[in-house]
Amino acid sequence: LRHMARLGRYRPSNIKKYRGDYRNIIYRSSWEKIFMRYCDKNDNIIEWGSEEVIIPYRSPLDNRLHRYFPDFYIKVKDLSGAPKKYIIEIKPKRQCVAPKIQKTKNRKYVREVMEYAKNQAKWDAAEDWCADRRMEFKVLTEDDLGV
């Protein structure tokens, strides 16, 4: 979990591309910082934002409505030059698959199962939210980021 320990502020070099308060961009992991740098420097990314979108979702843990702040919003030029919008979540690959069922249900296992269920609810809500807005939802892992 070393990548998750880093918290800091990102200062974009292309302020005009950022949607939101460019003076208050927070990264919660080195992976998020890598993606911010990519968004900031890549000419095919027209605009981007970090935790600027709010998606309501119902948590399976308490059956109540909560607010999900996905890691990123990006607008890119696709291969034809047309703009395409995405909501991006960055997660370790191991959090994208259901925990293996274990005989002994220790605290760590229960926490992983609950986290997985909550993430699935958030991601299902994000899929629907994006579909309504002609956007696409993607979860990027260390494989996608090349780390």
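None of the figures in this text is laboratory data; all of them are computed from the coordinates on show. The structure displayed is predicted, hence computed values, not measured ones. Note that each Cβ is placed from the backbone with ideal geometry, even for glycine, and that neighbours are counted across all protein chains shown.
Brief remarks follow.
- For the range 50-81 and the range 82-147, distance of Cα centres in Å: 11 Å
- Rounded to whole numbers, the Karplus 3J(HN,Hα) couplings from phi for the range 85-90 are 10, 9, 10, 10, 10, 10 Hz, using 6.51 cos²θ - 1.76 cosθ + 1.60 with θ = phi - 60°, and x at Gly and Pro.
- Theoretical ellipticity at 222 nm over the chain - DSSP helices of four or more residues, -39500 (n - 2.57) apiece, nearest 500: -9000 deg cm²/dmol
- Using R0 = 22 Å, the C-beta based FRET efficiency linking Val147 and Asn14 works out to 0.45.
- Note on Lys33: lysines with a C-alpha under 25 Å away, same-chain residues under 8 apart excluded, are Lys16, Lys17, Lys41, Lys75, Lys77, Lys84, Lys85, Lys91, Lys93, Lys118, Lys122, Lys138.
- Label-zone membership for the range 18-56, site His66, 7 angstrom Cα→C-beta point, backbone N under 14 Å: 55-56
- Applying a DSSP loop filter and a limit of 15 other Cβ atoms within 10 Å to the trypsin sites (Lys or Arg not before Pro) in the range 35-133 leaves Arg64, Lys100, Lys103, Lys105, Arg133.
- Percent antiparallel among DSSP beta bridges (both partners in the chain, rounded to 5): 70 percent
- Spin-label zone in the range 77-93 - amide nitrogen under 17 Å from a point set 7 Å from the Cα of Arg111 along the C-beta vector: 92
- Mean separation of Cα contacts under 8 Å (6+ apart) over length of the chain, as relative contact order %: 20 percent
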